Amino acid sequence: MGNQGDFFHKLTLLIPLSIMAITYIILLLFWATQVVVAQKKNTPIPDSLLNKEYVYLDEQIDIFKRNPSKAAVYIHSYLAKAKTEKNWKEIVLGYKNYFLLKSDEKYKLAYADSMIYAAKKSKDNVLIGSAYLSKGIVYYREKEHSAALDNYIMANNFIAKTSDTYLFYKVKYNMALIKYYLGSYDEAIVLLQKCVDYFKNNDDQGYLNSLHSLGLVNNRLGNYGLCSEINSIGLKEGKKRNDREAEPYFIHSEGINQYGKKNYALAIQTIQSGLIGIRKNKDFSNESVGNYYIGKSYWELRKTDQALHYFRKVDKSFDDEGYIRPDLREMYEVLIDYYAGKKSPKEELYYINKLLKVDSISNGTYKYLTGKIHKEYDTKKLLAEKKKLESSFNRRKSTEIIFICVIGLLILSSSYLTYRNIRNKKNFRKKFAELMFKSKNSKDDVRLKKISAGTLNINPDTVAGILKQLEKFEQEKKFLEQDLTLVKLAAAFDSNTKYLSQIIYHYRGKKFVEYINDLKIDYLVELLKTNRIVRKFSNAALAEEAGFSSTQRFTNAFQQRVEISPTFFIKELEKQQL
């Protein structure tokens, strides 16, 4: 267990494999196979195991699961037997053994891809969903939260077609962790509550894990009373079910919760109690979080020396393990202010550099969450402060010249921005006027571009069939579907991606993404012209209305298509109605 945490978009169609995707998976499978072959050279399979049943091999793997070197021969034998028999279901389980028992993380993504390939061959939705879940877990551990969520959604699509309720809720639980890490706490709570209700009577560990995560999310929302109640239930349920593994984590969670309640002395005592079991598990991430809140509690109690002691432990964990979370960055702000007040420029500069490093990591790993964290020191301020301190170490180089240059740059920048703003508004109004004069029913010249079918080197009947489907696709506005891809559209047309992309390019004059985006924007422009209610939508709501997966993609596509921003376009429309 541990502290768990961009929105996710529900896929409504099963994404088939394109030719390139198949090639990619085959190459990954080949690579993973080579890894296994290489390992087999080091762990030969005894003749006595060649004819053993899967049940026997599985039992031996389970016996030696805490000793992977001894389990290796049985793992190799299991997969070799499955491959010899071309038993795709057992091949999936064979790769899963590698995935679960091999400690080398760099191979786990290859094992997961091999599981997916074999599972699809088996045509078993449970196996396919489970394989995608495993791949999502790899990405989750690597803090690739977006990629993890994508794979969880794929897993959910397959598992939803089965009667495997346990696996279904296991996917929901992992989705909830992603929501937690991305700061979508309300969505995480809904998912976790469902997991709690299901696992309560079906799986002790799943139940306790879900309770623990539910408490963490409520703590983040400031629901400290509810968090305490959940932690209390978790401790009681653990004892009742004779499962004490989660106990230190509930204690740890409650200690952090007491900090939120401003019971600082109790927070210190409780967290320290929980850390005893957490250290035994070698859980450096939760140990680091615990040390951080102990340090903050001492700081609030004005016991500076004790606080600094625990803050240095958090900093050491960052150095040794590379572990940091966006909410832990406040510690570095506190330390910068403390040493600035102490007139200790060397220590101040040290922690400024550390905070810059923390932000560079967090902005990549937690890019969706960092925007929600209040920052006393932003990057610009930190860099300026760092430069100031470095200058003082170099006996203060000519600050007057720097100041004059900065003022000059500000004046030049301000002048340029003012000029560019006036010029852009003039151009935008011109573009708006052109757009308004355009007939509602006029068709895009580029979309009607036609080239002889012979130049495509595609059967004319195939071309005609796909063009007919494209017309229907456009008329029925199916382009509004979210997360529509070339692969999905090719599958819907019973074609392939190569033919479809070529035909779209020759007959619509655009590449696939531009073609879909322009259809969405054209639809939205006409809707905004005629519907005053839609004009009141936020950019996020407009993006959802047109089927864009993010607000940024919508605004970029709108700007590229009509060469003005959606905000400006709506304002000009409203002016015409006055």
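Answer with yes or no whether S77 is more than 26 Å from A160 (Cβ to Cβ), among the polar types (S, T, N, Q), assigned to a helix (DSSP H, G or I) and open to solvent by less than 10 Å² (accessible area, probe 1.4 Å).
Values: more than 26 Å from A160 (Cβ to Cβ): yes; among the polar types (S, T, N, Q): yes; assigned to a helix (DSSP H, G or I): yes; open to solvent by less than 10 Å² (accessible area, probe 1.4 Å): yes.
In short, yes.
So Q576 fits all but one of (1) in a helix (DSSP H, G or I); (2) closer than 30 Å to F493 by Cα; (3) of a type outside the set (V, I, T); what number is the exception?
(2) is the only condition that Q576 fails.
Of the numbered conditions (1) over 17 Å from E237 (Cα atoms); (2) open to solvent by less than 10 Å² (accessible area, probe 1.4 Å), H212 satisfies every one except a single condition; which is it?
It is condition (1) that H212 fails.
For residues in segment 140-176 being β-branched (V, I, T) and in a helix (DSSP H, G or I), which is farthest from the chain's Cα centre (by Cα)?
Of everything passing the filter in segment 140-176, T165 is farthest from the chain's Cα centre (by Cα).
The rows are residues; the columns are (1) in contact with a Lys or Arg (Cβ under 9 Å, 6 or more places away or on another chain); (2) over 24 Å from I324 (Cβ atoms); (3) open to solvent by 10 Å² or more (accessible area, probe 1.4 Å).
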| site | (1), (2), (3) |
| --- | --- |
| S114 | no, yes, no |
| S122 | yes, yes, yes |
| Y132 | no, yes, yes |
| E142 | no, no, yes |
| L149 | yes, no, no |
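Failed condition for G295, given (1) closer than 30 Å to Y139 by Cβ; (2) open to solvent by less than 10 Å² (accessible area, probe 1.4 Å), with all others met?
Every listed condition holds for G295 apart from (1).
With the condition kept exactly as written, say whether any residue in segment 296-312 is under 13 Å from Y264 (Cβ atoms), among the basic types (K, R) and in a helix (DSSP H, G or I).
Within segment 296-312, one or more residues are under 13 Å from Y264 (Cβ atoms), among the basic types (K, R) and in a helix (DSSP H, G or I).
Residues are listed down the side, and each one gets a yes or a no for (1) in a helix (DSSP H, G or I); (2) of a type outside the set (S, T, Y):
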| site | (1), (2) |
| --- | --- |
| L470 | yes, yes |
| Q482 | no, yes |
| A490 | yes, yes |
| D494 | no, yes |
| S501 | yes, no |
| H506 | yes, yes |
| K510 | no, yes |
| E514 | yes, yes |
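Every residue, every condition in (1) over 30 Å from the mean Cα position of the chain (by Cα); (2) open to solvent by 50 Å² or more (accessible area, probe 1.4 Å); (3) not basic (K, R), yes or no:
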| residue | (1), (2), (3) |
| --- | --- |
| F512 | no, no, yes |
| I516 | no, no, yes |
| R535 | yes, no, no |
| F568 | yes, no, yes |
| E572 | yes, no, yes |
| K575 | yes, yes, no |
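Here is a list of conditions, (1) open to solvent by 50 Å² or more (accessible area, probe 1.4 Å); (2) under 30 Å from N457 (Cβ atoms); (3) over 27 Å from the mean Cα position of the chain (by Cα), and I503 meets all of them except one; can you say which number that is?
All conditions are met except number (1).
Of the numbered conditions (1) of a type outside the set (D, E); (2) open to solvent by less than 70 Å² (accessible area, probe 1.4 Å); (3) assigned to a helix (DSSP H, G or I), G183 satisfies every one except a single condition; which is it?
Looking at each condition in turn, G183 falls short on (3).
Return the total of residues in segment 221-232 being part of a helix (DSSP H, G or I) and either touching a Gly at 6+ places or on another chain (Cβ under 7 Å) or surrounded by fewer than 18 Cβ atoms within 10 Å (Cβ to Cβ) (or both).
Qualifying residue count, segment 221-232: 8.
Considering K282, K262, K240, which residue is surrounded by fewer than 24 Cβ atoms within 10 Å (Cβ to Cβ), out of contact with any Leu (no Cβ under 9 Å at 6 or more places or on another chain) and over 22 Å from R325 (Cα atoms)?
Of K282, K262, K240, the one residue that is surrounded by fewer than 24 Cβ atoms within 10 Å (Cβ to Cβ), out of contact with any Leu (no Cβ under 9 Å at 6 or more places or on another chain) and over 22 Å from R325 (Cα atoms) is K240.
The values are calculated or read from the model by the stated rules, or taken from the named source; none is laboratory data. Owing to the predicted nature of the structure, the values given are computational and were not obtained by experimental measurement. Positions of Cβ are generated from backbone atoms using ideal geometry, with glycine treated the same way; all protein chains shown enter the neighbour counts. All accessible areas refer to the heavy atoms of the entire protein, side chains included, with ligands and DNA or RNA removed. Shrake-Rupley method; radii C 1.70, N 1.55, O 1.52, S 1.80 Å.
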